[in-house]
Amino acid sequence: MTDAPTIVKASSPADLLAVLPFLAGGPIPPGIAIAPFAGRRTPAVLRHDLPSRETTAEYQSVASRLLGMVSRLGGCDGVAIAIYTDDPVDVALHRFAELEQHLLSRFRSGGFVVIDTFCVGSDGWACFDERTRRPLSEIAQSPAGLTAALDVQAESCLNGTLPKTDAPLASRVAIALADLRHGARADAFGRLVPSPLADPIDAFERMLTDDSAGTGAHRLAELIATLQTEGDYDRVLVQAALGPDRAADHWAKTLDRRRRAAALGTTPFQLMQREARRRPHRREHEVGELLCGQGRLRPDRARLRRAAEIISFATAHAPRDDRPTMLCVLAWLHWALGMGSSAGRLLTSAAAIRPEHELTALLNTLTVAFTLPSWVLDRDLRHGTQRTAERPR
């Protein structure tokens, strides 16, 4: 990735719509997409599900929530709004006309310039004020969209999908994983030798910081084997966000809590809840806030992205039954980077493998409750953006 930001110039509304999925980190599913502008440039897309009830009260609530999100972005003075739907565009223009008016009115009353409002349906797209259906090919064949696509490919963008599985590597990972779980592996002469798990924090840190550490079958198997419980989930995310020292401190407390919970005949989670009510610990409270996307701690975006790349590759080569918790870790990393739609796709994949997976349900609730983390929303659009789109004059 280059340090210089990429600016994709949109010379028409179709160009702008073509660029939005790349700013969002992947295809935009049915819902409301807001592109916040600082002057003529936008570096991101905020997304919200379509209202669950098509009532005036629900429309007003959604519009107010989106205005609140955008108002936290420093330097933002305008927005472009797009409603995505599976309906034919002529149907959608009528169906969502009231929603569009509430969004338009709410943002204007909040002091924002509304650059345009779009409807993207199953058979075309249109501007709400023109209501003329135009072909989706205008978006698909947009030069700005093609430029953005090339930039995304060069940057290996995280978009909520896993990389292609290398079948021979996946087979070697499965064998290495079985060896690790049995505590022994066969050497080159067929003799069983001990195969202990490496320290999970040291092993993951080497993968995060040393490109030469590699992603061979044994190293991937170690990562998969140490990423299967709720405690593993917390440890990896804390390490990705805050570094190995904070992760080691958190992991030591997790292991101690597991031992004490076993002695008391309860679960670590129940023990943690009980202790939090009695004497909340400041450092643990800070980590809890971080995992909920709140509080004063701010994660390192470069580490988050590197962690997402590693875990995405490992998940693609993990046995299917080992994937749900890894997909949850990956979903949180995408969410922490501001890619809510991508996170949703990963959680859907986790639920498809194991519908009763508790961590998947918890993360689904979290991403709905907070929409995006505070560090994504509480920022200045004019600074620190890697990829931006520039709207027509």
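The values are calculated or read from the model by the stated rules, or taken from the named source; none is laboratory data. Since the structure is predicted, the reported quantities are computational estimates derived from the model, not experimental observations. Note that we place each Cβ from the backbone using ideal geometry, even for glycine, and neighbour counts take in every protein chain shown.
Quick notes
- Among the residues listed as Gly190, Gly265, Gly243, Gly183, the single one being modelled with pLDDT of 90 or more, small (Gly, Ala, Ser) and on the phi > 0 side of the Ramachandran plot: Gly243
- Residues of the stretch 350-365 that are surrounded by fewer than 19 Cβ atoms within 10 Å (Cβ to Cβ) and assigned to a helix (DSSP H, G or I): Ala351, Ala352, Ile353, Glu358, Ala361, Leu362, Asn364, Thr365.
- For the stretch 57-95, a tally of residues being part of a helix (DSSP H, G or I), farther than 19 Å from Phe118 by Cβ, small (Gly, Ala, Ser) and touching a residue at least 12 places away in the same chain (Cβ under 8 Å) returns 2.
- Considering residues of the stretch 117-128 that are in contact (Cβ under 8 Å) with a residue 60 or more places away in the chain and crowded, with 19+ Cβ neighbours inside 10 Å only, the residue farthest from Val91 (Cα to Cα): Phe118
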